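Here the structure comes first, spelled out in structure tokens, and everything after it is commentary.
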Amino acid sequence: MPFKAIAFDAYGTLFDVYSIGILAEELFPGKGTQLATIWRDKQIDYTRLRTLCDEYANFWQVTRDALGHSCELLGLNLTEAARDRLMGQYAELSAFPENKEQLRRLREADITLSILSNGTPWMLEQAVKASALEGYFEHILSVDSVRRYKTAAEAYQIGPAALKCDASDILFVSSNCWDICGATWFGYHTIWLNRHRLPLEHLGVKPHCIGASLKDVADYALELEI
């Protein structure tokens, strides 16, 4: 069936959260990759804990808190200057190289494109601007508006509400399998952008399709549009 719209997760899907490892390695030689990985895991842990306990803090604060904890865990001396550089870099993460061409293909097919992310509006605007992706997305949607993180139903409902269609008419794209599980349960048509060839979560739910790059997403969406 043709899709009325596509909703993209941002971090890990459009923007490479692990690209920050380059700066982390410069600041903490021999620990950059490990810090980037632990930081990301703790960041997601904090979003889940805060949503479960109804103790919302925006994604910028969560990301900053997760960085502090991760550095303490690794025994790293996080100076104010290093923290500011890492947080500044997080606001301007690298986009994946295939993004522009594949987003252009989808836009030329008159498919409405949007971002639905845990990030704050400011963070998402900065990331889109830094990656020169302005003009590709009709909606940039943040869970900040409902103060609950994915995988809460209130977070996923932002998409159908803004796009004015049922979740089943929207192709939801994420590189995070936990996000795909939540979106599929909610009712979206989903494609897992499995960039790192990871196994499926054992939760009794599967995406409708699995790809490895944004090209696979565009091919899948355009094939179903025919």
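The values are calculated or read from the model by the stated rules, or taken from the named source; none is laboratory data. These numbers come from a predicted model, not from an experiment. Glycine also receives a Cβ, built like all others from the backbone with ideal geometry; neighbour counts cover every protein chain displayed. Note: accessible area is taken over every heavy atom of the protein model, side chains too, but ligands, DNA and RNA are not part of it. Shrake-Rupley method; radii C 1.70, N 1.55, O 1.52, S 1.80 Å.
With respect to ARG85, is the statement that it is touching a helix residue (DSSP H, G or I) at 6+ places or on another chain (Cβ under 7 Å), assigned to a helix (DSSP H, G or I), farther than 24 Å from TRP192 by Cβ and not aliphatic (A, V, I, L, M) true? Yes, satisfied.
When the residues of the stretch 1-32 are filtered to those that are of a type in the set (D, E, K, R) and under 20 Å from the mean Cα position of the chain (by Cα), which remaining residue is surrounded by the most Cβ atoms within 10 Å (Cβ to Cβ)? The extreme case among them is ASP9.
Scanning the stretch 71-93 for residues that are at pLDDT 95 or above and among the polar types (S, T, N, Q) gives ASN77, THR79.
Restricting the search to the stretch 60-78, which residues are touching a helix residue (DSSP H, G or I) at 6+ places or on another chain (Cβ under 6 Å) and crowded, with 20+ Cβ neighbours inside 10 Å? Of everything in the stretch 60-78, those that are touching a helix residue (DSSP H, G or I) at 6+ places or on another chain (Cβ under 6 Å) and crowded, with 20+ Cβ neighbours inside 10 Å turn out to be VAL62, THR63, ALA66, LEU67, SER70. Taken over the stretch 105-159, the criterion of being over 17 Å from VAL217 (Cβ atoms), within 16 Å of the chain's Cα centre (by Cα) and part of a loop (DSSP other than H, G, I, E, B) is satisfied by ASN118, GLY119, THR120, ARG148, TYR149, LYS150, THR151, ALA152.
Of the residues making up the stretch 177-224, those that are aromatic (Phe, Trp, Tyr) and part of a helix (DSSP H, G or I) are TRP178, TRP185, PHE186, TYR220.
Selection of the stretch 113-138 for residues being in contact with a helix residue (DSSP H, G or I) (Cβ under 9 Å, 6 or more places away or on another chain), at pLDDT 95 or above and open to solvent by 30 Å² or more (accessible area, probe 1.4 Å) yields PRO121, TRP122, TYR136, GLU138. For ILE210, indicate whether it is open to solvent by less than 10 Å² (accessible area, probe 1.4 Å) and either of a type outside the set (Phe, Trp, Tyr) or free of Cβ contacts under 8 Å to residues at least 24 places away in the same chain (or both). So ILE210 fails the test. Look at LEU86 and say whether it is within 24 Å of ALA167 (Cβ to Cβ) and open to solvent by less than 10 Å² (accessible area, probe 1.4 Å). Answer is no for this residue.
Going through (1) open to solvent by 30 Å² or more (accessible area, probe 1.4 Å); (2) within 17 Å of the chain's Cα centre (by Cα); (3) more than 16 Å from THR112 (Cα to Cα) one by one, LEU203 falls short only on (2).
Of the residues making up the stretch 33-57, those that are surrounded by fewer than 18 Cβ atoms within 10 Å (Cβ to Cβ) and touching a Gly at 6+ places or on another chain (Cβ under 9 Å) are THR33, GLN34, THR37.
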